[in-house]
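Participant: Below is the structure I would like to discuss, written out as structure tokens.
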Amino acid sequence: MNSTNTQNNLIKHYKLILSGLIISLLIVAIDSTITTTAMPKIIASLGGLKYYVWPFTIYLTTVIISAMLSGKLTDFYGSKKILIVALMVFIVGSVLCGFSKNMGELILFRALQGLGAGIIVTVPKKIIAEMFPPRQRGKYMGLFGVAGGISTVVGPTLGGFITDFLGWQWIFFVNVPIGIITLSLIIPYLPELGVIVKDKIIDYNGLITFTVALTSFLAALTFSQQSTVAPIYVELLWLVSLIMLAGFIYAEKTAKEPVLPLYLFKNSVFTVSTVSVFLLGAITLAGTVYIPVFLQLVQGMGPQISGLFLTPLMFSMIVTAILSGQIISKTGTYKKLAIVSFATGALGMFLLSTLTPSTTNLELIIYELITGIGAGLAMPIFMIAVQNAVSKRDLGVVTSSSMYFEQLGSVIGLAVLGSIMNTTLNYNLQNSTANMASTLLVTALHNVFIAALIMNLLGFVICFFLKDIYMSNEFNE
């Protein structure tokens, strides 16, 4: 298809294409949260309680790996082909998960699902950069925040509903018709975009060292929270992870087509944005994970009601993500918006750190709205910034790298925040500083939200070093 026909096809069908991209992001976003409420019944059906955490851990591992590789894959074969293959892998993985007969099979098939999911969450953002010049990307990239916001509330609630009325298998089977609808929008209407690299050199050394480093790291994080695993094995995993990380850095320095070109870190916009999305990955979880903990264990709400109480957070995230993208497209700047987003997020986390058993529902709703505004404003900013700061040649790799560091921030952030909560609870119990369960939990939650507040303040400071590069209505070469 020549460039004129490609452009005409985009103009004629861009709404259908955008719908397909948003739906693809939505099913993956919901899939990452829908299993949380279903897992107890899955364990009851398949057994393997000691492997409870592994369907989540292996899924995150393969999501991060495939997200990292997606940039190079789209450079080699084109964004459309890779997205279609990823959707098919995700659909097949979902079917196999639903037919799992034991926990081992479920873990294996969740890994397959994750391979598709990591590409799906990344490639649509590159496609937007291929479809539209920098100045126009914001208003479309902001729409992608809808998927993340909706999944926050809908995922756990939908998971509980489907599990209760249809069976846990259907939390996976439901992906099939939605995935087919997505393919029906992508295959006929999305043209092949971007420059396809003819010299397909795969960085096997980087791929292997990266995979082993990440797997060892996540396994060490998981086992460090389990008293049944001997500390020596955890320490060995940390050591393997560090050695493989060093090997990965060496491999990237010497590779002809590295998975993560280290020269990108010489670009200050890329470096600042990478640190920022890493922090955001951790910060977002503080609200979505620990507000329900407060509602259920301190205020005594049920799981479904506590899930619905996240609606203000979701609503403000969605609205401000769309608004943020519109502002960037209209003004052509993003630095001030990034600073405001972290400042607002810091205020939200400070307010959440003041929660007590007597906090009213209205107060909590206000705190959630402020927190959601901070997170929503930030959603489109840093992807737009890094894509605007590089040439077309590096578009794929900066998109995949940004998603990789955001996912990694979520994983590490979840472990760090969980460790803070557990350490606080254990310390208070051992020293008898509190004699009521709710008081112990409130103290632990205070520390979790204060940690998230510190992350926001760090992001606030870092964003002063973010360069505002002019956003053109023409494509970067």
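The values are calculated or read from the model by the stated rules, or taken from the named source; none is laboratory data. Keep in mind the model is a prediction, meaning the values are calculated, not measured. Cβ sites come from the backbone with ideal geometry, for glycine too, and all protein chains shown count toward neighbours.
Participant: May I ask you to verify whether Ser353 is farther than 23 Å from Thr74 by Cα and not β-branched (Val, Ile, Thr)?
Facilitator: yes
Participant: Which of the residues belonging to region 134-161 are at pLDDT 85 or above and farther than 21 Å from Gly20 by Cβ?
Facilitator: The answer is Pro134, Arg135.
Participant: Could you check region 305-353 and list, in sequence order, the residues that are without any contact (Cβ under 8 Å) to a residue 40 or more places away in the chain and of a type in the set (S, T, N, Q)?
Facilitator: Ser306, Thr331, Thr344
Participant: Taking Gly459 as the residue in question, decide whether it is closer than 23 Å to Gly307 by Cβ and modelled with pLDDT of 90 or more.
Facilitator: no
Participant: From the list Ile58, Ile30, which residue is in contact (Cβ under 8 Å) with a residue 60 or more places away in the chain, of a type in the set (A, V, I, L, M) and assigned by TED's automatic domain parsing to the domain that holds Gln113?
Facilitator: Ile30 is the lone residue from the list that is in contact (Cβ under 8 Å) with a residue 60 or more places away in the chain, of a type in the set (A, V, I, L, M) and assigned by TED's automatic domain parsing to the domain that holds Gln113.
Participant: Having 2 or more residues that are without any contact (Cβ under 8 Å) to a residue 60 or more places away in the chain and under 25 Å from Val212 (Cβ atoms) is the bar; report the helices (runs of 4 or more DSSP H) wholly within region 64-161 that clear it. Write out each step before concluding.
Facilitator: Working: elements: 79-98, 103-120, 123-131, 134-141.
Answer list for region 64-161: 79-98, 103-120.
Participant: Additional query: Have a look at Val398, Val293 and point out the one that is of a type outside the set (Ser, Thr, Tyr), over 21 Å from Val461 (Cβ atoms) and surrounded by fewer than 24 Cβ atoms within 10 Å (Cβ to Cβ).
Facilitator: Result of the check over Val398, Val293: Val293.
Participant: Just name the residue that is surrounded by the fewest Cβ atoms within 10 Å (Cβ to Cβ) out of those in region 82-132 that are more than 19 Å from Met379 (Cβ to Cβ) and among the hydroxyl-bearing types (Ser, Thr, Tyr).
Facilitator: Checked region 82-132; the qualifying residue surrounded by the fewest Cβ atoms within 10 Å (Cβ to Cβ) is Ser100.
Okay, residues lined up against (1) outside the structural domain of Leu351 (by TED's automatic domain parsing); (2) under 22 Å from the mean Cα position of the chain (by Cα); (3) within 30 Å of Gly78 (Cα to Cα); (4) surrounded by fewer than 16 Cβ atoms within 10 Å (Cβ to Cβ):
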{"position": "Thr211", "(1), (2), (3), (4)": "yes, yes, yes, no"}
{"position": "Ser216", "(1), (2), (3), (4)": "yes, yes, no, no"}
{"position": "Thr222", "(1), (2), (3), (4)": "yes, yes, no, no"}
{"position": "Val269", "(1), (2), (3), (4)": "no, yes, yes, no"}
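Participant: In addition: Looking only at region 68-85, count every residue that is within 15 Å of Leu183 (Cβ to Cβ) and within 17 Å of the chain's Cα centre (by Cα) and tell me the total.
Facilitator: Residues meeting the conditions: 0.
Participant: Which of the residues spanning region 162-188 are assigned to a helix (DSSP H, G or I) and either out of contact with any helix residue (DSSP H, G or I) (no Cβ under 6 Å at 6 or more places or on another chain) or modelled with pLDDT under 90 (or both)?
Facilitator: Answer for region 162-188, where residues must be assigned to a helix (DSSP H, G or I) and either out of contact with any helix residue (DSSP H, G or I) (no Cβ under 6 Å at 6 or more places or on another chain) or modelled with pLDDT under 90 (or both): Ile162, Thr163, Asp164, Phe165, Pro177, Ile180, Ile181, Ser184, Ile187, Pro188.
Participant: Let me ask something else. Residue check: is Thr271 among the β-branched types (Val, Ile, Thr) and in contact (Cβ under 8 Å) with a residue 60 or more places away in the chain?
Facilitator: no
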